[in-house]
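Visitor: Structure below; questions to follow.
The values are calculated or read from the model by the stated rules, or taken from the named source; none is laboratory data. Computed from a predicted structure; not experimentally measured. Cβ coordinates were reconstructed from backbone atoms using ideal geometry, including for glycine residues, and neighbour counts include every protein chain displayed. Protein only, heavy atoms only, side chains kept; ligands, DNA and RNA dropped before computing areas. Shrake-Rupley method; radii C 1.70, N 1.55, O 1.52, S 1.80 Å.
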Amino acid sequence: MDTHALDTDVLIVGAGPTGLALGVDLARRGVDALVLEGAGELFPGSRGKGFQPRTMEVFDDLGIVDAIHAVGGPYPVGMVWRDGERVGEHQMFEPAEPSEDSPYNRAWMVPQWRTQEILAARLAELGGKVAFHHEVAGVTQDGTGVTAHLAAGGTVRARYLVAADGGRSAVRRALGIGMTGETVDPSPTLVADVRISGLDRDNWHVFPPRDGEDFLAVCPLAGTEDFQVMARFPEGAAVDTSPEGVRKVVARRSHIAAEDVTEVRWTSDFRPRAALADRFRAGRVFIAGDAAHVHSPAGGQGLNTSVQDAYNLGWKLGAVLSGSAPAALLDSYEEERRPIAARMLDLSTAVHRGEVRRGGETRQMGIGYRDSSLTVETRTVPDGALRAGDRAPDGIVGGVRLFDAFRGPHWTLLALGAAAPPVPESVPVVRGPGHAMYGTGLFLVRPDGYVGWAGEDATGLGGYLARFGLA
C-alpha cells in the first residue's frame, strides 16, 4: 500500500466503549473513520458495568440512551450475608432523584458487552465500520498523516489516529508515552460472569471475609440472566480463573453450592491500580480511555471517563477535518481531559480505599472546563452561579427542552432574557426569559454540552464564533 495515500480520515484503534463512542460521534459528523479491533469479536465480558448520570447525558446526545435504558436497570441494594443469613442492607450509591436540570441523576447498570453491542449497532446505522482481526503493532507518522502497522502485515493510513486500545495499549507503547501511577491494592481480584440458580436478583449480595477467606460479591447484571462475581485474594496468590476455580471460591465464601453455579461465561483477574499517561497526544496520534488512564473499578469512573474522552475529542476532530477550525483546536483535548482524568483517578482510588462514598462527585455532573483556553466568561457572576466552562443543564425554555435543542453535532445559543444577535444557520438559537439554572444573558453551548462562552450581551461573541469557523 502506498503509505502516502489516505485510507481514512481518522483511524480508531480498539472497539471498546471508547473507540465505538468516538466512532459514533465522528460518523454523525460525516467524518470518514475506521475502527480497528485486534480480536475477532467485541469484548464478551461485563467488566465496566455502570454509567454515571453525565455519561447517560452523552448517550442521549449520541442517540442511544433509549436503548441503554431498555437493556439496563438501577443498581440493586446491597445485601450483607453471614453464615447463610441476611444480616443487613446498604445502598451502594447515595440516592438521588432525577430533576428537570438532571434527568438521568442516578447510576444505570448495563454490562460492558451489551453496551458495546448498542454502540456498534448505532455506528453501523450511521454508516461506520469496525474491522476485526486487525491488530495494530505500531505506528509511524509524518506531516500529513499516520500509518498503522498491522501485526499480520500491511498498513492503514489516516490523517489522525486515536489509540483506544486499553491499558496495555500497543500504540501508547510504540509512541514511548509512559504512565505514572500506583498499585491501589496489591491483592488480585477475580471477576467472572456466571449463572446461579436459587439466588435472588433483587440484591447485590456481599459476603464479608471469614474463616481466612477474603470477600465475595455477587451482583445481578441488569437486563440479563447473569451475575458478576468478584472475589479478592491475598497478595501474591495465584487466581484460578477456570470454571471449577470460580465454583470453588463461590462455594467456600458463601452458602451457594458449587453446583448452583450452573454456567461460567467469562472470567478474568486483575490487580487494581491507578495510572495516568504522561501525555494524551503525540503529533497526529491521540490516546483515550484506558490507554490514557487506568482506574480501580470501585469508583465506577473508568468507563465513564473514557466515554467522555471520546465525546470531547470527537467534535474537535470533526471541526478540524471539515476545515472550519484550525488544527490548533486539537491541542485542547489534552489540556481539558488530562486534568479531569487525574481527578477521577484520585476519586476512584479514594472510593476503593473507603475514604469516599459513591455520591455526588462520582456522578460526574460537576466536571467542567472553566480553566480551558476554549472557555470565555465575560460576566461578573456570584459564587455558585453557572459559569462558562460548566455543564449546560437541561430545562424548559420557551417550551423547548434544552437537551432536545442540544442533541446533535452543533453548537447552540441560548438567549435568556437577552437579545440574540445574528448567528450562522448552523447554530440554533433558543430564546426565552431568564432561567433558574442559567440566570440571564447569552450562553453558547459547545457540541459536547458545556458552556463555551457566556455574556450579558453579544459583545465578543462574534470573535469567539470565528475561532471555530462559525462566524
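Visitor: State whether the residues of the stretch 336-346 include one that is touching a helix residue (DSSP H, G or I) at 6+ places or on another chain (Cβ under 9 Å) and either modelled with pLDDT of 95 or more or in a strand (DSSP E or B) (or both).
Guide: Yes, the conditions are met somewhere in the stretch 336-346.
Visitor: Evaluate the following for W108: is it open to solvent by less than 60 Å² (accessible area, probe 1.4 Å), at pLDDT below 95, within 30 Å of T267 (Cα to Cα) and within 20 Å of the chain's Cα centre (by Cα)?
Guide: So W108 passes the test.
Visitor: With the requirement that a residue be charged (D, E, K, R) and surrounded by fewer than 24 Cβ atoms within 10 Å (Cβ to Cβ), what does the stretch 291-329 give you? Don't jump to the end; show me each part of the working.
Guide: Initially, the stretch 291-329 is screened for residues charged (D, E, K, R), giving 309, 316.
K316 - this is the single residue of the stretch 291-329 that is charged (D, E, K, R) and surrounded by fewer than 24 Cβ atoms within 10 Å (Cβ to Cβ).
Visitor: Hey, could you check the stretch 426-471 for residues that are β-branched (V, I, T) and surrounded by fewer than 19 Cβ atoms within 10 Å (Cβ to Cβ) and say which is nearest to L22 (Cα to Cα)?
Guide: V427
Visitor: V249 fails exactly one of the following numbered conditions: (1) closer than 30 Å to G314 by Cα; (2) not in a strand (DSSP E or B). What is the number of that condition?
Guide: Here V249 meets the rest and fails (1).
Visitor: Right, another one. List the pairs whose first member sits in the stretch 434-457 and is in contact (Cβ under 8 Å) with a residue 40 or more places away in the chain and on the phi > 0 side of the Ramachandran plot, whose second member is assigned to a strand (DSSP E or B) and among the charged types (D, E, K, R), and whose Cβ atoms are under 8 Å apart, counting only residues at least 6 apart or on separate chains?
Guide: Here the result reads G449/R391, each pair linking the stretch 434-457 to a residue that is assigned to a strand (DSSP E or B) and among the charged types (D, E, K, R).
Visitor: From the list G45, G63, G23, pick out the single residue that is open to solvent by less than 40 Å² (accessible area, probe 1.4 Å), out of contact with any Pro (no Cβ under 9 Å at 6 or more places or on another chain), small (G, A, S) and in contact (Cβ under 8 Å) with a residue 40 or more places away in the chain. Walk me through it before giving the result.
Guide: On the way: G45 fails: out of contact with any Pro (no Cβ under 9 Å at 6 or more places or on another chain); G63 fails: open to solvent by less than 40 Å² (accessible area, probe 1.4 Å).
Checking each option against the conditions leaves just G23.
Visitor: Turning to a different aspect of this structure: Go through the stretch 192-216 and give me each residue that's open to solvent by less than 10 Å² (accessible area, probe 1.4 Å) and either assigned to a loop (DSSP other than H, G, I, E, B) or among the aliphatic types (A, V, I, L, M) (or both).
Guide: Result: A192, V194, L216.
Results for (1) touching a helix residue (DSSP H, G or I) at 6+ places or on another chain (Cβ under 8 Å); (2) charged (D, E, K, R); (3) surrounded by fewer than 17 Cβ atoms within 10 Å (Cβ to Cβ), shown as yes or no for each residue.
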site	(1), (2), (3)
E225	no, yes, yes
V229	yes, no, no
V249	no, no, no
E259	yes, yes, yes
A282	yes, no, no
G289	yes, no, no
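Visitor: Still on this structure: Can you name every residue in the stretch 215-272 that is charged (D, E, K, R) and modelled with pLDDT under 95? Please lay out each step first, then the result.
Guide: First pass over the stretch 215-272, keeping only residues charged (D, E, K, R): 225-226, 232, 235, 240, 244, 247-248, 252-253, 259-260, 263, 265, 269, 271.
Matches in the stretch 215-272: R232, E235, D269, R271.
Visitor: From the list V294, V285, V261, pick out the single residue that is of a type in the set (A, V, I, L, M) and more than 30 Å from T8 (Cβ to Cβ). Show your work before the answer.
Guide: On the way: V294 fails: more than 30 Å from T8 (Cβ to Cβ); V285 fails: more than 30 Å from T8 (Cβ to Cβ).
Testing whether each residue is of a type in the set (A, V, I, L, M) and more than 30 Å from T8 (Cβ to Cβ) leaves just V261.
Visitor: Are there any strands (runs of 3 or more DSSP E) wholly within the stretch 90-169 with 2 or more residues that are of a type in the set (D, E, K, R) and on the phi < 0 side of the Ramachandran plot, and if so which? Before the answer, list the steps.
Guide: Values: elements: 129-131, 136-141, 146-150, 155-163.
By residue number, 155-163.
Visitor: Now for a different question. I need every pair where a residue in the stretch 273-287 that is closer than 17 Å to L161 by Cα has its Cβ under 7 Å from the Cβ of a residue that is β-branched (V, I, T) and assigned to a loop (DSSP other than H, G, I, E, B), sequence separation at least 6 or different chains.
Guide: A277/I177; R279/I177; A282/I177; I287/I177
Visitor: Residues being of a type outside the set (G, A, S), assigned to a strand (DSSP E or B) and open to solvent by less than 50 Å² (accessible area, probe 1.4 Å): count how many of those fall in the stretch 261-280.
Guide: So in the stretch 261-280, the residues of a type outside the set (G, A, S) come out as 261-267, 269-273, 276, 278-280.
From what's left, assigned to a strand (DSSP E or B): 261-267, 269-270, 273, 276.
Now drop any that are not open to solvent by less than 50 Å² (accessible area, probe 1.4 Å), which leaves 261, 264, 266-267, 276.
Residues that pass the stated criteria total 5.
Visitor: Do we have S324 as more than 13 Å from I177 (Cβ to Cβ), assigned to a helix (DSSP H, G or I) and touching a residue at least 24 places away in the same chain (Cβ under 8 Å) here? Show your work before the answer.
Guide: On the way: more than 13 Å from I177 (Cβ to Cβ): yes; assigned to a helix (DSSP H, G or I): no; touching a residue at least 24 places away in the same chain (Cβ under 8 Å): yes.
No; evaluated as a whole, the condition is false for this residue.
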